[in-house]
1. Assign unit charges at the C-beta atoms only (+1 for Lys and Arg, -1 for Asp and Glu), then state the dipole size of the chain relative to its Cα centre in Debye, rounded to the nearest 20.
2. Compute the Rg to Rh ratio over the range 523-641 from the alpha carbon atoms, using the Kirkwood formula for Rh, and round to two decimal places.
3. Which sequence of CYS529, CYS582 reflects their accessible areas, 1.4 Å probe, from the largest down?
4. Going by alpha carbons, how many degrees (0 to 90, nearest 10) lie between the helix axis of 638-654 and the longest principal axis of the chain?
5. Among 365-372, 506-513, how do they line up by average Cβ neighbours within 10 Å per residue, starting with the highest?
6. Can you list the HN-Hα couplings for the range 399-416, worked out from phi with the Karplus curve (6.51, -1.76, 1.60; θ = phi - 60°), rounded to whole Hz and with x for Gly and Pro?
7. Of ILE57, LEU22, LEU714, which is farthest towards the positive pole of the chain's charge dipole, taken about the Cα centre with +1 and -1 on the beta-carbons of Lys, Arg and Asp, Glu respectively?
8. What is the mean projected area of the alpha carbon convex hull for the chain, to one decimal in square nanometres?
Amino acid sequence: MESDQENPVVAQTASERLDEYLAAYPHLADRILRQFLVSLHERGVVSIDQIYDEARISAGAGPTNSSGNPNVVEAPRGGSSEREIVNDLTRKYAVSFFSRHQIDSIINLALKREEADKLRAIVSLNSVSFRLISDTLRRFCALPEGEMQLPPDEAIGIRVGLIRHFISDQLEFIAIAKKYLRIRDFEQIVDRIIGAESGMGRIGGKAAGMFLASTIISNRREPSTQEPALPKEFITPLQRAMDGEDSVAIPESFFLRSDVIEDFIAFNGFGEYQNQKYKTPEEIRKEYRLIRGVFRNGEFPAGIVDRLRGVLNAVGPHPLIVRSSSLLEDRFGTAFSGKYASIFVANQGSMEHRLRELLGAIAEVYASALGPDPLLYRREHDLIDYQEDMAVLIQKVIGRRFGPYFAPMFAGVAFSQNEYRWSPRIKKEEGLMRIVMGLGTRAVDRVGSEFPRMVALGMPTLRHESTMPEVMKHSQRTIDVINMQRNKMESITIDQLWAQAQDLPMLDRLFSIRKDGMLASPPGTYIDCPAGDLFVTFDKLMAEARFPNQMRRILGKLEQAYGVPVDVEFAHDGERLYLLQCRTLSQVEEGERVHVPTDVPDERVVFTANKFIRTGLIDGVQFVVYIDPRDYDGLATKEARTAVARVVGRLNDALAKRSFILIGPGRWGSNDIRLGVPVTYADISKSKMLIEVARERDGYVPEVSFGTHFFQDLVEARIAYLPLYPDDRRNRYNETFLHESPNSLARVLPEAADMTGVVRVIDVAGVSDGRLLRVVMDGESDLALAYLAD
């Protein structure tokens, strides 16, 4: 610091600079000088008491006398003349000891605090328009960041207010977000929000989780209460990517605010549908198809249409995904995994065609909030009376174009905790990943006869398949893509992909080549073989270890920030990893180990199992709903198989107050009705256990389903899961009990009596002299036993 005597030229320059600011902001003169007074005190130049004593002496009042008595006023309140002297003294010391650069920084802090006060006042209001809060935020962000930052208490208060207004009112989320989100981060949200200027709404749970997670991952510092200055090269959260080996970004995104759905409903007179949540499950199911059609043909307010047209102009003819972002979605404890619609839009053709497709997709997402799955899920979690507004997240799809197709190189879902461990060498805390080639739909949904690649992130080359034929049989043979010419999402074979995609990057890391009955990774980057010998294995990608290690570090950082396990959805375009979603992970609750009894008489055993067992005990089962794989396979039409699912749904309602389990073929909830009964969450939510039967001769194979949306439903609803392999000679399977016990379907559900040939309902006590079914599962020994217990 330099004084007047030492360098009068500098002092003069600083003096002129300060006077220039005071002349430019006369209404803020007191605040500016007060900030200089604080800065002089904090830097040890001169204390506040010294300046006030000097001012009192100059005013003829004498210095302050400290008595040490808290009940005695040490000095009378100074008058206006004394305050003017304090300001003059503050100015004198400031221009004597601060350089021009330091004066600029202190002035900037004073201006920021002025704007921060206005912003704090606005965000503390319960009801405020989007225009008012966004304009105030932009004025704050227009100021240079500077070297001097807002005090922690001021910054935290404003962050919390902005989070409540724009993102979420959930306290658990706020507690984390306020540590990582800066005030300036919100400007990037505001610039991409779509909604009426006079209204106010939030961006919803899915968008909130993605935005916060990207901020946490990109944060090079420890979380802090400070509002830190960032380097010039800092990139905002909607564009940021980490440098180095953990580079990650998020897709270009736009946020349709949560209050827009209310405008849409009012604009079209759809208010009558707001009470769907109070109807019976059967009424909700029957009316949902009508609601979807009505909503899809609804109109949007002109202002919203104009903003969406602007979005399409900004992104050009690039594929989009329109995703739900409900205020209830991805919250702590209730993820709503897969409950709402997400619609891919090819976004090709004329502007008006593209706009119609986008509006239709948004309306479809809105309608999905009134479907049976989310409404019954809300009912199960005591959220039915919550005023649920649906925000919508519009994003550019990550990927590349090859021929008429567009898709990422690979995508999937990853978990910070691995609840599915097929080897004792795998550690729970090292995480798990489900990865597929193409769009990530196959990683989170139960589709087709193939499996995604399951990766234990701590041991990425360790597969759960035991033989090479098993690897080839279950490897991905179908790729989900967007067909840009047909304007729709579709599934293509490897043959179709290979005809168009040989120049894509990373193919050598995704494919293995079959030769002499074995699979091997390509030796170089060029692949020269027919498509029939290619298998999606990701073997080279896993052997290189860089990508699984990157995912492991990302998950670890997020879990540390959230304080609980998390899962993320991701996509990779061949150059960069993109984060699509982040939410807290519902945990499978395992009690103390239970020992499987060995002295149960054979006639009381219903079944045993020895694969993929999780520890648990299901006791007092009164009813078994059983669908034999052979009976189901005998149904010739899609309608007949769908009818089975509807009967299961009605049984779910009829037996809601009883203890029952479901036993059926292959994959419950599969999108492919050939592989299992196409139930949804609403059809199985009341069951105690879901059992999948794999009969080799029928071709039904249970999927390793951990990580799918369907599996998350089971976890959150505390529904136990077990696969059965009756054809394994080590297992017992009591077909006499399951096939020959009297069928109580007609008694429990008279209107479904015509389905008794396929759907069996066994009244356990009625057929076993009052006994009930007990299922004992020991994960440590990988054994399970179901038997009739006294």
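1. Values: 98 positive and 111 negative charges, 222 e Å.
I would put it at about 1060 debye.
2. Working: Rg = 23.2 Å, Rh = 21.0 Å.
We get a ratio of 1.11 for the range 523-641.
3. I get CYS529, CYS582, largest accessible area first.
4. 70
5. On the way: 365-372: 23.9, 506-513: 21.2.
The densest-packed peptide leads the list: 365-372, 506-513.
6. Working through the residues one at a time gives x, 9, 9, 9, x, x, 9, 9, 5, x, 5, 7, 7, x, 9, 9, 10, 6 Hz.
7. LEU714
8. 44.1
The values are calculated or read from the model by the stated rules, or taken from the named source; none is laboratory data. All of these numbers come straight from a predicted model, not from anything done at the bench. Note that we place each Cβ from the backbone using ideal geometry, even for glycine, and neighbour counts take in every protein chain shown. Calculation scope for accessible area: heavy atoms of the full protein, side chains included, ligands and nucleic acids excluded. Shrake-Rupley method; radii C 1.70, N 1.55, O 1.52, S 1.80 Å.
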